[in-house]
Amino acid sequence: MSFFWLLLGLIAGLVIGTLAASGTLRWQRGRRRSGPYRQRVDAALAHVAAGDHAAAREALREATQLESGDDAIFLLLGEEMRQTGDYSRAEKIFDVVLARRELDPGIRSTCLLLRGRLMEDQGRHDEALEAYRQAIEAAPDRVPPVVALGRLHSRFRRWEEAIESADKLQRLAPERGRLVAARRRVLLAREKVAEGDAKGAVELARKAAADVPDLAAAQVALGDALYQLGKVAPAREAWIQAATLAPWLVPASLDRLESLASATGDRESVRHFATAEADKGLDPDVGWRVLAWLTDEALRRDALGEARRWCRELEAAAPRSATTARLWARLAAAEDGMQAGSTLLELLHRWQEEPIWIDPWVCRSCGRESEQLEWRCPRCQAWESFR
C-alpha cells in the first residue's frame, strides 16, 4: 500500500511541476510581449504605417537585439531594408533565416517570397521565379506566393505560365483566381489574334467569357477572333454585348462595327447603334468619342444640320479636344460652301481621311497616354483604366 501512495505522489508532483513551468513560461512570454521588446516592435510597425522606413528599420534592429529567436522580426527587418534599397544586407538576413533548422513552413514561405521580391527588384528574374516556386512548395495553401509568381510571368508576357498560376490561385481563392485567369486568357487571345491564330483566340476568349460572364474584354477579344475567321454576324453580336456590359467600351465597339460596315455597306445599323448609345448619356470621358463619330458621319452625308447638333454636344463634352476643333473647322467649311483657300481645303481633306479622334486614351490610375485602347496599363498594371 505504501508503494501505491508513493507512486501516486510522484505522479501528482510531476503534474503540478509541469503546470507550474507552463504558467511561468506563459507569464514570461506575457511580460516579454508587454516589455521593451514588444514596445520596439509596436514602434516599428507604427513607423512602417507612416512610411518612415528608416525609423522602422532602426526599431526593428533594436528588437532583434532584445529577442534574437523571433524569425518574424528578422523578416520584417529584411523587408524594410529591401524597401530602402539596402539589398545586400536584406539578402543576408533572408539567407540566415532560411539556413535555420526546423524553420516553420509559414516563415520559410514568407522568407522565400520576400527574397523573390528582392531578386525581382534587382532584375534577377529567373532567381525570383525560383524563389516564388519554393515559397509555394513550402506552404501550398498560401495565396501571396502564387500571386507573385503569376504577376512575374504576366510581366514578361508568359501567358501560359501566368494562366497556370491563376488556376492554382483559383483553388485557394476561387473568385479572385477565376477573374485573374479570365483576364490573362483575354490578353493571350489578343496576342493570338495579332499573330493570326484566330481559332486559338476564340477558344481562349470563350473560356474567359464562360468563367466570368460580365468580363467585357472577353467579348471584344471573341468578336475580333470571329471577325478574323469571317464570321461577321457572331462578331457583331459579341462587340455589341461588350458595349452593353461596359459602356466605356462603346467607342471600341463602334470602331469595330464600322469596319463591318465598310465590308457590308450597312452603315445605317452602325449609325443607329451610335445614336442609341449617345442618347443614353454616356460618361463625357467616353461619350465624346461617340459624338465625334456621329459628327463625322453626318458630315460625310452632308447632313449639316445634324452635324451641327452633334458638334454642339461634342463641344459641351470635350471643349478642349483637338478633335472638336477639327470637326468644327470641317463643319464651317461645309456650311460656307467650301469657299476656302487651297491650303485649308487640302488640310480639311486630309483630316477627313484620318481617324476620327486624335486625342489619346488616358489611364485614370497613372495618367499614361496611349493611341490605342489597352486592357491593362503597361505602366501601373491597372486593369480597364483607360478612358
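The values are calculated or read from the model by the stated rules, or taken from the named source; none is laboratory data. Just so you know, these numbers come straight off a predicted model, no measurement behind them. Ideal geometry is used to build each Cβ from the backbone, glycine not excepted, and the neighbour counts take in all protein chains shown. Ligands, DNA and RNA are excluded from the accessible area calculation, which covers all protein heavy atoms including side chains. Shrake-Rupley method; radii C 1.70, N 1.55, O 1.52, S 1.80 Å.
Annotations for the structure displayed:
- Once the chain from Q39 to V362 is taken as fully extended at 0.36 nm per residue, the excess over their C-alpha distance is 111.6 nm.
- Separation of the stretch 102-163 from the stretch 169-232 is 26 Å, based on Cα centroids.
- Spacing of the modelled spin labels on H125 and K280, each 7 Å from Cα toward Cβ, amounts to 3.8 nm.
- Extension gain, S259 back to D302 (0.36 nm per residue minus Cα-Cα distance, nm): 13.4 nm
- Ignoring lysines fewer than eight residues from K192 along the same chain, the ones with Cα atoms less than 20 angstrom from its Cα are K207, K231.
- Amide hydrogen neighbours beyond the local backbone of R364, cut-off 5 Å, H modeled: F386, R387
- Computed over protein heavy atoms with a 1.4 Å probe, the accessible surface of the stretch 209-252 works out to 38 Å² per residue.
- Accessible area of the stretch 103-145 belonging to carbon and sulfur atoms, whole % at 1.4 Å probe: 45 percent
- Modelled this way, with points 7 Å down the Cα-to-C-beta line, the labels at F156 and L373 are 3.2 nm from one another.
- Label zone (L172, point 7 Å along Cα-to-C-beta; backbone nitrogen cut-off 16 Å) within the stretch 96-120: 105-117.
- For the stretch 281-320, applying the loop criterion from DSSP together with a ceiling of 16 other beta carbons within 10 Å to the trypsin sites (Lys or Arg not before Pro) yields R301, R320.
- Mean accessible surface per residue for the stretch 116-184, computed with a 1.4 Å probe while every protein chain stays in place, in Å²: 51 Å²
- Here each label is just a point 7 Å from Cα along the line to Cβ, and for E164 and V143 those points are 2.3 nm apart.
- FRET efficiency estimate (nearest 0.05) - Cβ-Cβ, R133 to A325, R0 41 angstrom: 0.15
- Cα gyration tensor, the stretch 181-258 - rounded (a/c under 1.5), prolate or oblate: oblate
- For A246, net neighbour charge (Lys/Arg +1, Asp/Glu -1) across residues whose Cβ lies under 9 Å away: -2
- For D266 and E203, a Förster radius of 25 Å and the Cβ-Cβ distance give a FRET efficiency of 0.30, rounded to the nearest 0.05.
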